[in-house]
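Below is one structure; the comments refer to it alone.
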Amino acid sequence: MTGPEHKGAPSEDQERQPWEDHSLRGSLLFVEDSQTSAAVTVHYLEQFGLQVRHVTTAEQALEVLGFEYDLVLSDFFLDGELTGLDLVKRIRARDDDLSLLPVLMLTSAEETDHRISSLRAGANDFIYKPFHPEELYARLHNLLSLRHAYKKLFTQKKAMERLSVTDGLTNLYNKRFLSNEAPALLAQSQQSGGSLALLVLDLDHFKRINDTYGHEQGDRTLKAVARALEEEFQEVDLIARYGGEEFVVVLDQAGIEQATIRADRLRQRLSDLALETPVTASVGITAQHPGDPRRNYAQLFREADQALYEAKHAGRNRVAVWSWDADRAEVLASP
Ligand code: GH3
Ligand code: MG
Ligand code: MG
Ligand code: MG
């Protein structure tokens, strides 16, 4: 397949060329208004092993641009209002990670100004038309290698970020995340005039489970409790394992009555778990009401913790609620 714009195209009886071995990986958005030039280029790109989406204008390219692409290959002059240069500028101006997509520009050898302006606008590289397929292959290979390395690092970074905020045993958020996030949630809730409730939960006589059935059974119990928490508080963004057998739930948009009902349902859920080693929990609750910005997160936490202490003291397996009026916790009727 030969064309006026392409040098070095292989003929039927020639040996396979190195660029024909389908060794490139990736998905490419190809912007070219000339149909003949596009047909030849797409042929090569597919031989390289790439998945290709071909459009003829920058406008279309911007419309379909998405995270599935690894690279944009664009002609400089295009049908439509926008040029390849405009396309680069718009990609680089995005406020998401698509702004980092590699762009390879197709220009003619005489278009020095366009080449310079494209590079200055953020194009990563350019290639002259007519191009030799091996040169196109080499330039794409370089850009895609960097792209794949970047994506791998990005995935690893995300995994590390996730690990740094979660608890390894239960997969719930950890104390560090809670300490950063809960005050922010409280501030947001205060600004928007909403309510927010805080639950602190501690398993009862958990040490006995470890002592009697072993640490591994204790771990399985902790995981089962974590799943029960996730099921009861499905819509909640912040459920954390605060310590060994202590958990915290931040209930956004909930007042004290609602939080109390939910806590009692959770208690019920735990007793319904039918675990090899049954477990109960004591829960302390407090809440921030709209128009009551007096208490900060640390104060709320102290109140919930004090309520938890009262629940333990009153015999465990129960819920206690902080009362502002009495300035102490009130234990709900025993189960
Ligand atoms: P109380 O009702 O007063 O809360 O009694 P408790 O036995 O639950 O309280 P205590 O704080 O004395 O014991 C908590 C136990 O939780 C002690 C510790 O061995 C256990 N624990 C903490 N983290 C883990 C863990 O990751 N796995 C297991 N299996 N046990 C843990
Ligand atoms: Mg063109
Ligand atoms: Mg404890
Ligand atoms: Mg305990």
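Side notes on the structure shown:
- Residues of segment 152-180 satisfying the condition of being in a helix (DSSP H, G or I), of a type outside the set (A, V, I, L, M, F, W, C) and in contact (Cβ under 8 Å) with a residue 60 or more places away in the chain: 175
- Residue 202 falls short on exactly one of the conditions (1) assigned to a helix (DSSP H, G or I); (2) more than 29 Å from the chain's Cα centre (by Cα), and that condition is (1).
- Failed condition for residue 279, given (1) surrounded by 16 or more Cβ atoms within 10 Å (Cβ to Cβ); (2) away from ligand 3 (no atom under 16 Å from the Cβ); (3) part of a loop (DSSP other than H, G, I, E, B): (2)
- Condition met for residue 169 (among the hydrophobic types (A, V, I, L, M, F, W, C) and surrounded by fewer than 17 Cβ atoms within 10 Å (Cβ to Cβ)): yes
- Taking segment 219-241 as the range and being surrounded by 16 or more Cβ atoms within 10 Å (Cβ to Cβ), within 16 Å of ligand 3 (Cβ to nearest atom) and in a helix (DSSP H, G or I) as the test, the residues that pass are 221, 222, 225, 226, 229.
- Taking the criterion of being of a type outside the set (Gly, Ala, Ser) and outside any helix (DSSP H, G or I), the only residue of segment 205-216 that qualifies is 205.
- Pairs linking a residue in segment 26-50 that is in the same structural domain as residue 70 (by TED's automatic domain parsing) to a residue that is part of a helix (DSSP H, G or I) and among the acidic types (Asp, Glu), with Cβ atoms under 9 Å and 6 or more positions apart or on different chains, are 44/20; 47/20; 48/20.
- Considering (1) assigned by TED's automatic domain parsing to the domain that holds residue 51; (2) surrounded by 13 or more Cβ atoms within 10 Å (Cβ to Cβ); (3) modelled with pLDDT under 95, the lone condition that residue 142 does not fulfil carries the number (3).
- Of all residues in segment 120-133, exactly one satisfies the criterion of being in a helix (DSSP H, G or I), touching a residue at least 12 places away in the same chain (Cβ under 8 Å) and over 18 Å from residue 52 (Cβ atoms), namely 121.
- The condition of being within 16 Å of ligand 3 (Cβ to nearest atom), under 20 Å from residue 218 (Cα atoms) and of a type in the set (Lys, Arg) holds for only one of 269, 316, that being 316.
- Number of residues in segment 252-272 that are in a loop (DSSP other than H, G, I, E, B) and touching a Ser or Thr at 6+ places or on another chain (Cβ under 9 Å): the value is 3.
- All conditions in (1) touching a His at 6+ places or on another chain (Cβ under 9 Å); (2) surrounded by fewer than 16 Cβ atoms within 10 Å (Cβ to Cβ) hold for residue 184, with the sole exception of (1).
- Hey, residue 248 part of a strand (DSSP E or B), within 15 Å of ligand 3 (Cβ to nearest atom) and in the same structural domain as residue 283 (by TED's automatic domain parsing) or not: yes
- Count - residues of segment 41-70 that are surrounded by fewer than 22 Cβ atoms within 10 Å (Cβ to Cβ), touching a Gly at 6+ places or on another chain (Cβ under 7 Å) and under 20 Å from residue 128 (Cα atoms): 1
- When 244, 315 are checked against the criterion of being on the phi > 0 side of the Ramachandran plot and either within 16 Å of ligand 2 (Cβ to nearest atom) or surrounded by fewer than 16 Cβ atoms within 10 Å (Cβ to Cβ) (or both), a single residue qualifies: 315.
- Per-region count, segment 205-218, residues within 16 Å of ligand 4 (Cβ to nearest atom) and surrounded by fewer than 19 Cβ atoms within 10 Å (Cβ to Cβ): 9
The values are calculated or read from the model by the stated rules, or taken from the named source; none is laboratory data. Quick caveat: nothing in here was measured; it's all calculated off a predicted structure. We place every Cβ from the backbone using ideal geometry, glycine too, and count neighbours over all the protein chains shown.
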